[in-house]
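The values are calculated or read from the model by the stated rules, or taken from the named source; none is laboratory data. Values in this document were obtained by computation on a predicted structure and should not be read as measured data. Glycine gets a Cβ as well: all are built from the backbone with ideal geometry, and neighbour counts include every protein chain shown. Keep in mind that these areas ignore ligands, DNA and RNA; they rest on the heavy atoms of the full protein, side chains included. Shrake-Rupley method; radii C 1.70, N 1.55, O 1.52, S 1.80 Å.
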Number of protein chains: 2
Amino acid sequence: MRTLLTLSLLAGAVAVARADEGKPATSNVRRAEFPRVHADRRVTFLLKAPDAKSVKVQPGGAANGLGNGPFDMERADDGTWTVTTPPTVPGFHYYWLLVDGVAVNDPGSETYFGYGKPTSGVEVPEEGVDFYDDKDVPHGEVRALWYHSKVTGRPRRAFVYTPAGYDKNRVRRYPVLYLQHGAGEDERGWTTQGRANFILDNLIDAGRAAQMIVVNDNGYAERADTAPAPDRTGPPRFDFSGFEEVLLNDLVPKIDATYRTIADRDRRAFAGLSMGAMQALQIVPAHSETFGSLGVFSPPPIGSIDLSTFKGKFKLLWIGAGTAEERFLAAVRKMHEGFDREVIQHVVFESKGTAHEWLTWRRSLHDFVPRLFRD
Amino acid sequence: MRTLLTLSLLAGAVAVARADEGKPATSNVRRAEFPRVHADRRVTFLLKAPDAKSVKVQPGGAANGLGNGPFDMERADDGTWTVTTPPTVPGFHYYWLLVDGVAVNDPGSETYFGYGKPTSGVEVPEEGVDFYDDKDVPHGEVRALWYHSKVTGRPRRAFVYTPAGYDKNRVRRYPVLYLQHGAGEDERGWTTQGRANFILDNLIDAGRAAQMIVVNDNGYAERADTAPAPDRTGPPRFDFSGFEEVLLNDLVPKIDATYRTIADRDRRAFAGLSMGAMQALQIVPAHSETFGSLGVFSPPPIGSIDLSTFKGKFKLLWIGAGTAEERFLAAVRKMHEGFDREVIQHVVFESKGTAHEWLTWRRSLHDFVPRLFRD
């Protein structure tokens, strides 16, 4: 069922909104009235496009919490196109608009780097849930760190979360979590889509997590001597050896040289979502001298992994997925069975009702982080 | 004259590029082959849009260095639209695409916050000029600082550049430059469009500028007790009193409490571009107890200013504009005459051949910063 806006609502769209008209999404740009999120989690989209023949809303990816799109938008006499979705799943949902078949971003939305480019997104709040909100608690910083990679021969950028008080406390040293994004995303994802800094701020303020540094790097890296792929527009090839070398030879040494870290495998963790989970599984077990804890968020089903190689290596081994992302949940359950069979201690987490989307990963981080660096 | 791509070039677009086809702009997203910048500074744009009736490139604002648009794109048989501009002015140019009349961003471009929303941009290099490049020199950090504003009653975010070595040198204190963006932009502009961090890194590495902290805040601020404007989509009203209160009562105290600043008006400067220059002119002369130096980059002609109020107040008073932004240049020259008449020492800067665009402001910063905090 799709509920279309009435013209009377449209007429009031740019004026003061009534409560039943919902509120501008917090993921919007400043002053943008649309998309609007209603109390029952329906979402209304609007685009002014008098000369377009067809405008649709396309949710990104499979099982997107906005529902199965595309949603056809309906044209009003003034050239404004609009549609309201059925009630949606809470969380952050990627989407874009199809204007006469061309995929474009919604000018009302901030952009969020996904699908290999800036992408629109809409935040649907979960009632009573504030663990990822920007609350009035002491905030850490997120620092852009530019560094030269010997592996790629090029400059790179990482984002580094330092907890509140890092600068005041000039002696204390901190454990470090390396936390990676998914395919098509980049080092910005965990802050802008994931709100990882606020999740850490809130957990630390509540005394529920150790103070720690969190590092997000770009998961794509090509060695300096690698010829560009002949078709650079093709799908990403899941060869993580370039990133592995950057991580071990450039990034970890740079972080340990730059910040007051505890440069010890017991105080260093790696976690990643989706493609980042594949990186966790492929890179980390062979480098347990570097990483003592491991988080695997929504791993794609990537065939056989020799789970026995995880045995006795990790202080914390955490796997999880959303219940609405079936293939990823199946991969987690299969690993769970395998770890049990091998008698390898681990934590399994299931995010109820969420798919291969950022609320799954915010909840994953929120469950994972309090278990890290506790002894 | 508009040079259209030949089909043979189009066929090669996604394969390895030949030298005469230009290079992907550095402002593009990773892997995006278009827009491409040619050696003679022509720029080629491309969009796949088989079902569109009309696609154009629209440079943002007046006197945009891309030239006078919109540029009509031409459709090839495969549904790909393309156009090559005449040779362009160097620098960073905002633009967007018009797809059947709808203003949308180019999926090949990163987004840059301007015009009140994420906007496409293309970087055209200036031959032999590297003062804003990401060079292999010691880099400062750019830190996202979240803070609670008592003035607005809401959370805010500032970006804070700390110079290379800030963390290692645990005692040294630094002067601070508050550096503001223009209308429709936000606190990200000076890093993403302005490359201010690289400009500072390079100047400091060359021994040409004092080590300093640089703060970029959002220039928009509404007091907590201010009712929302009835039409929130209207043009920005140039009432800077909310921002003035945030700056003086929230931001400066927060920065002085958080970083190792020299909390002294002689070691504190304010500069801004366009709307930020208006803020500089309206706010700072009445607060010379707080700010000892002033930079006015491309001030809009805003009628009469009592220049005598600047007398004897500033260690550095700097005004500048590009020679291709006539009204702003006229405003600078008028101020220059006025300051001369009042016998007020000041520096005048003209950026040759650039308009109301970011290369004017990068050059302005590059001239301004070495003069700050020198005695």
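Odds and ends about this structure:
- Listed by position, the helices (runs of 4 or more DSSP H) contained in region A:165-283 that have at least 1 residues being more than 20 Å from the chain's Cα centre (by Cα) and within 14 Å of chain B (Cβ to nearest Cβ) are A:196-205, A:241-245, A:252-258.
- The single condition among (1) surrounded by fewer than 24 Cβ atoms within 10 Å (Cβ to Cβ); (2) away from chain B (no Cβ under 11 Å) that A:Leu98 does not satisfy is (2).
- Some residue of region A:279-298 being open to solvent by less than 60 Å² (accessible area, probe 1.4 Å), in contact (Cβ under 8 Å) with a residue 24 or more places away in the chain and more than 24 Å from A:Glu187 (Cβ to Cβ): yes
- Within region A:62-74, the set of residues being crowded, with 16+ Cβ neighbours inside 10 Å and in contact (Cβ under 8 Å) with a residue 24 or more places away in the chain comprises A:Ala63, A:Asn64, A:Gly65, A:Leu66, A:Gly69, A:Pro70, A:Phe71, A:Met73.
- Number of residues in region B:31-70 that are under 22 Å from the mean Cα position of the chain (by Cα), modelled with pLDDT under 95 and under 23 Å from A:Asp100 (Cβ atoms): the value is 1.
- Check on A:Gly69, out of contact with any His (no Cβ under 8 Å at 6 or more places or on another chain), over 30 Å from A:Leu200 (Cα atoms) and within 14 Å of chain B (Cβ to nearest Cβ): no
- Selection over region B:327-336 of residues that are among the β-branched types (Val, Ile, Thr) and either on the phi > 0 side of the Ramachandran plot or open to solvent by 50 Å² or more (accessible area, probe 1.4 Å) (or both) gives a count of 0.
- Residues of region A:128-153 satisfying the condition of being touching an Asp or Glu at 6+ places or on another chain (Cβ under 9 Å) and more than 17 Å from A:Pro253 (Cβ to Cβ): A:Asp134, A:Lys135, A:Val137, A:Pro138, A:His139, A:Gly140, A:Glu141, A:Arg143, A:Ala144
- Summed over region A:25-42, residues that are part of a strand (DSSP E or B) and in contact (Cβ under 8 Å) with a residue 60 or more places away in the chain total 2.
- Just one of the listed residues (B:Val151, B:Val215) is in contact (Cβ under 8 Å) with a residue 40 or more places away in the chain and in contact with a strand residue (DSSP E or B) (Cβ under 9 Å, 6 or more places away or on another chain), namely B:Val215.
- Residues that are open to solvent by 30 Å² or more (accessible area, probe 1.4 Å), among the aliphatic types (A, V, I, L, M) and more than 9 Å from chain A (Cβ to nearest Cβ), drawn from region B:101-132: B:Val129
- Sole residue being more than 9 Å from chain B (Cβ to nearest Cβ), over 22 Å from A:Lys48 (Cα atoms), basic (Lys, Arg) and part of a loop (DSSP other than H, G, I, E, B), chosen from A:Lys135, A:Lys150: A:Lys150
- Selection within region A:153-164 - more than 7 Å from every other protein chain (Cβ to nearest Cβ) and either touching a Gly at 6+ places or on another chain (Cβ under 9 Å) or in a strand (DSSP E or B) (or both): A:Arg156, A:Arg157, A:Ala158, A:Phe159, A:Val160, A:Tyr161, A:Thr162, A:Pro163, A:Ala164
- Output for region B:32-61, where each listed residue is open to solvent by 30 Å² or more (accessible area, probe 1.4 Å) and either away from chain A (no Cβ under 13 Å) or not basic (Lys, Arg) (or both): B:Ala39, B:Asp40, B:Arg41, B:Arg42, B:Leu46, B:Pro50, B:Asp51, B:Ser54, B:Gln58, B:Gly61
- Of the residues making up region A:137-148, those that are among the β-branched types (Val, Ile, Thr) and in contact with a strand residue (DSSP E or B) (Cβ under 9 Å, 6 or more places away or on another chain) number 1.
- Qualifying residues in region B:138-182 (those that are of a type in the set (A, V, I, L, M) and farther than 25 Å from B:Leu316 by Cβ) - the one most open to solvent (accessible area, probe 1.4 Å): B:Val171
- Matching residues, region A:304-326, being in a helix (DSSP H, G or I), under 20 Å from A:Phe349 (Cβ atoms) and open to solvent by less than 90 Å² (accessible area, probe 1.4 Å): A:Leu307, A:Phe310
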